[in-house]
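Peer 1: Starting off with a structure, shown below.
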Amino acid sequence: MATVPTTNTHLASWVDEVAKLMKPERVHWCDGSSAEKSRLTDEAVASKVLIPLDQKRWPGCYFHHSNPGDVARVEHLTFICTPTKEQAGPTNNWMDPKEAYQKLRGIYDGAMKGRTMYVVPYVMGPPDSPFSKVGVEITDSVYVALNMGVMTRMGKVALERLGGSNEFNRGVHSVADCNPDRRFICHFPQDNTIWSVGSGYGGNALLGKKCLALRIASYLARNEGWLAEHMLILEAESPDGEVSYVAAAFPSACGKTNFAMMIPPKPFDGWRIRTVGDDIAWLRVGEGGQLWAVNPEAGYFGVVPGTNFKTNPNAMKSIEKDTIFTNVARTKDGDVWWEGKDNEAPAELIDWKGQAWKKGSSEKAAHPNSRFTAPMDNNPALSRFAFDPKGVPLSALIFGGRRSTTMPLVLQSFNWTHGTYLASTLGSETTAAATGAVGVVRRDPMAMLPFIGYDAGTYLTHWLEMQSRIPNPPKLFMVNWFRKGGDGKFLWPGYGENMRVLKWILDRSHGRVGAQESILGYLPRLEDLNLAGLDIRMDDIRAAMKVDLGEWESELESQQEWFDKLGKTMPRALQLQRDLLLDRVKLARKVGA
Ligand code: GTP
Ligand code: SPV
Ligand code: MN
């Protein structure tokens with residue numbers, strides 16, 4: 001057995017206990033050094049877990065293909081294991097903790113025989129931040145260990161931060177035989193523990209991310225009076241040097257990474273958008289009574305398809321080196337390709353499954369949920385406050401889904417309660433980021449449906465209560481980049497052009513631009529938006545911003561079904577907001593507005 005690089009007896013004895021169960025051939029404690037990274041990479045290459053790309057064109061970059069039956073988060077196999085079912089609430093799968101431990105112990109027994117057990121200590125958040133959390137993930141996947149090295153502050157730094165404390169998240173992970181019938185992602189919020197088995201992919205396996213930084217953290221946040229949210233954080237600097245920060249919650253594969261790395265179009269020369277985070281934000285009340293945001297991650301696990309030098313140049317530069325590509329397509333000479341890359345598909349490729357692929361094939365060459373894992377430092381637009389232990393103060397919170405109808409391009413809520421109502425009813429068409437049907441509208445409150453680690457009604461109450469904790473709160477907005485016209489095409493050009501909407505949001509937050517009051521909230525008047533140089537028809541912009549009363553009447557019916565599902569803990573204030581809006585819609589229809 002390896003020498004144990006810690007005097008923390010809580011940690012050492014827990015690792016020992018897990019090793020006794022898993023029965024690995026050897027135990028490797030990750031120290032996070034670059035020597036270790038190259039050693040693990042070599043091991044991964046030798047065992048074909050990683051395939052090197054052409055190192056001249058793609059220095060430090062590797063390709064990984066996952067098991068074809070293991071390509072996304074599995075929400076139906078994700079469990080919140082609280083003492084009672086009510087604590088997990090109606091939106092989570094629940095398993096009795098005793099039963100869950102027993103079931104997974106059975107699968108773990110001997111699961112690492114003949115293999116290496118990696119012990120991965122990590123910090124979520126800047127190592128010197130009082131808000132950061134330490135976790136230790138035990139895994140049998142070298143791919144997971146390498147990804148954790150990019151996505152978190154990993155190794156020695158975490159052991160130092162932990163010291164002799166017993167307060168760390170205990171994460172156990174085994175790919176085992178990667179069998180979907182024996183795949184479980186179990187969270188034990190009361191024990192600060194996560195047990196995951198049967199998947200080696202993304203949010204199922206990199207336990208610091210969705211499991212700790214959202215599900216477990218949201219539970220802790222409620223008890224401690226803060227928020228753990230599925231949000232990007234961006235910095236906007238105006239030409240005259242004013243710096244503002246906003247955080248935005250969009251469901252998986254709905255535009256967070258793109259918005260966080262956006263490059264403003266021509267008429268916004270002199271504006272600088274920088275990235276603080278692209279997926280997760282921990283929000284706390286701080287200095288000046290403002291809400292402050294910290295990004296707990298150190299890397300990006302981003303959607304590859306659709307990424308190119310036009311839509312997201314900063315992402316393209318972020319993945320030029322030291323990046324792991326999962327489930328993209330590649331060429332025989334070590335290049336990579338995906339749908340929506342700048343260049344057309346080459347005549348021949350090796351598709352994400354490793355099979356020969358010919359241009360014109362009806363099959364996708366890259367998996368729709370193919371991903372890059374890239375270190376945050378690679379991002380040319382990284383904010384220097386991305387590492388700030390106290391985070392950044394927010395002027396606005398933005399919520400947005402993928403809706404081809406109904407939701408206007410942008411609107412500002414009347415107040416915190418109304419904004420919480422709008423966010424709590426956020427609807428979005430499902431994407432390939434989770435297994436299951438794609439393109440079905442589902443309610444995804446605050447883009448957190450799959451990530452709330454406790455009862456959803458109680459979570460919404462916590463959001464409402466946060467108002468009285470924040471003396472100087474951010475303003476709350478809704479956006480929708482994905483509305484479609486009769487021709488099935490997006491009405492709004494999106495990506496960098498979203499700057500036009502962001503500018504209005506910033507000006508509204510600082511109280512210096514007009515708006516028009518509508519039944520839904522404040523909408524920009526056309527003259528409030530800078531649309532200079534935008535090559536689209538005014539009618540399309542009007543259609544993107546339209547509030548269609550007929551659509552809203554059915555929307556509100558569907559919202560009621562959602563609220564009914566939430567049951568006893570559903571806050572009355574949100575029901576009242578919905579009822580009030582329905583009355584406004586009915587009155588407006590009556591007068592034929
Ligand atoms: P996760 O990593 O799953 O949380 O996704 P994300 O929310 O970070 O989404 P991301 O920015 O990776 O975008 C997902 C997909 O939406 C990509 O295919 C993008 O090209 C596309 N997309 C992003 N922003 C826009 C936009 O403004 N308009 C349109 N039409 N598509 C967009
Ligand atoms: C998401 O689905 O929101 C992701 C990808 O960011 S995963 O890490 O797999 O959850
Ligand atoms: Mn995400």
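Peer 1: Under 1.5 on a/c is rounded, so check that first for region 202-320, then, if it is not, pick prolate when a/b is larger than b/c and oblate when it is not; a ≥ b ≥ c are the square roots of the alpha carbon gyration tensor eigenvalues.
Peer 2: oblate
Peer 1: Something else: Could you let me know the centre-to-centre spacing of region 16-53 and region 179-220, using Cα atoms, in angstrom?
Peer 2: First find each Cα centre; the distance between them is then 20 Å.
Peer 1: Modelled label-to-label distance, R39 and E527, 7 Å Cα→beta-carbon offset: nm?
Peer 2: Each label point lies 7 Å from its Cα, and together they span 6.9 nm.
Peer 1: If you take every DSSP beta bridge whose two residues both sit in region 155-203, what share of them, in percent to the nearest 5, is antiparallel?
Peer 2: Given both bridge residues lie in region 155-203, the antiparallel proportion sits at roughly 50 percent.
Peer 1: Which value, in debye to the nearest 20, gives the size of the charge dipole of the chain about its Cα centre, when Lys and Arg are +1 and Asp and Glu are -1 at the Cβ?
Peer 2: The dipole of the chain has a size of about 320 debye.
Peer 1: Is the shape of region 312-436 best called rounded, prolate or oblate, per the rule: a/c under 1.5 gives rounded, else a/b larger than b/c gives prolate, else oblate, with a ≥ b ≥ c the square roots of the Cα gyration tensor eigenvalues?
Peer 2: oblate
Peer 1: Hey, with R₀ at 41 Å, roughly what FRET efficiency would D31 and S404 work out to, going by the Cβ-Cβ distance, to 0.05?
Peer 2: For D31 and S404, the calculated efficiency is 0.25.
Peer 1: Then there's this: Spin-label point model (7 Å from Cα, Cβ direction): what's the D539 to N166 distance in nm?
Peer 2: Here the modelled spin labels are 7.0 nm apart.
Peer 1: Across region 188-196, in residue order, what do the Karplus-derived ³J(HN,Hα) couplings come to in whole Hz, using 6.51 cos²θ - 1.76 cosθ + 1.60 with θ = phi - 60° and x for Gly and Pro?
Peer 2: 10, x, 5, 9, 6, 9, 10, 10, 10
Peer 1: For region 540-581, which trypsin sites (Lys or Arg not before Pro) pass both filters: DSSP loop (anything but H, G, I, E, B) and at most 10 other C-beta atoms within 10 Å?
Peer 2: Filter output for region 540-581: empty list.
Peer 1: Let me ask something additional. Rank these for me by crowding, W352, W226, W481, W271, going from fewest to most other beta carbons within 10 Å.
Peer 2: Exposure proxy ranking, most exposed first: W271, W226, W481, W352.
Peer 1: Identify the trypsin sites (Lys or Arg not before Pro) of region 1-72 meeting these criteria: DSSP loop state and at most 13 other C-beta atoms within 10 Å of the C-beta.
Peer 2: K48, K56, R57
Peer 1: Taking loop as defined by DSSP and a crowding limit of 11 other beta carbons within 10 Å, which trypsin sites (Lys or Arg not before Pro) in region 321-385 fit?
Peer 2: Of the trypsin sites (Lys or Arg not before Pro), the ones in loops of region 321-385 whose Cβ has at most 11 other Cβ atoms within 10 Å are K332, K359.
Peer 1: For the peptides 230-241, 201-212, what is the packing order when you average, over each peptide's residues, the other Cβ atoms within 10 Å and list the highest mean first?
Peer 2: 201-212, 230-241
Peer 1: Put +1 on the Cβ of each Lys and Arg and -1 on the Cβ of each Asp and Glu in the chain; which of P313, P90, V276 then has its Cα farthest toward the positive end of the dipole?
Peer 2: The listed residue farthest towards the positive side: P90.
Peer 1: Here is a follow-up. Along the Cα-to-C-beta direction of K484, a point sits 7 Å from the Cα; which residues of region 392-410 have their amide N less than 12 Å from that point?
Peer 2: Counting only backbone N, you get 403-405.
Peer 1: Per residue of region 500-505, what does 6.51 cos²θ - 1.76 cosθ + 1.60 with θ = phi - 60° give for ³J(HN,Hα)? Whole Hz please, x for Gly and Pro, Karplus curve as stated.
Peer 2: 5, 6, 4, 4, 5, 4
Peer 1: Stretched out fully, how many nm does the piece from R512 to V440 gain, at 0.36 nm a residue minus the Cα gap?
Peer 2: Difference between extended and current length: 22.1 nm.
Peer 1: Grab the DSSP H runs of the chain that are 4 residues or longer, score each as -39,500 (n - 2.57), total them, divide by all residues and round the 222 nm result to the nearest 500 deg cm²/dmol.
Peer 2: Calculated at 222 nm, the ellipticity per residue is -8000 deg cm²/dmol.
Peer 1: If you don't mind, there's one more thing I want to ask. In nanometres, what is the gap between the two model label sites at D564 and K48, each 7 Å from Cα along Cα-to-Cβ?
Peer 2: Computed distance between label sites D564 and K48 equals 5.3 nm.
Peer 1: Roughly what % antiparallel, to the nearest 5, for the DSSP beta bridges in the chain?
Peer 2: That works out to approximately 65 percent antiparallel.
Peer 1: When the Cα centres of region 495-543 and region 315-358 are compared, how far apart do they sit, in Å?
Peer 2: 37
Peer 1: Then there is this: Using alpha carbons only, how many angstrom separate the centre of region 385-417 from the centre of region 244-304?
Peer 2: After rounding, the separation between the Cα centres reads 10 Å.
No value in this document is a laboratory result; all are computed from the given coordinates. Being a predicted model, the structure only gives us computed values, none of them experimental. Here Cβ is always computed from backbone atoms with ideal geometry, including for glycine, and neighbour counts include all displayed protein chains.
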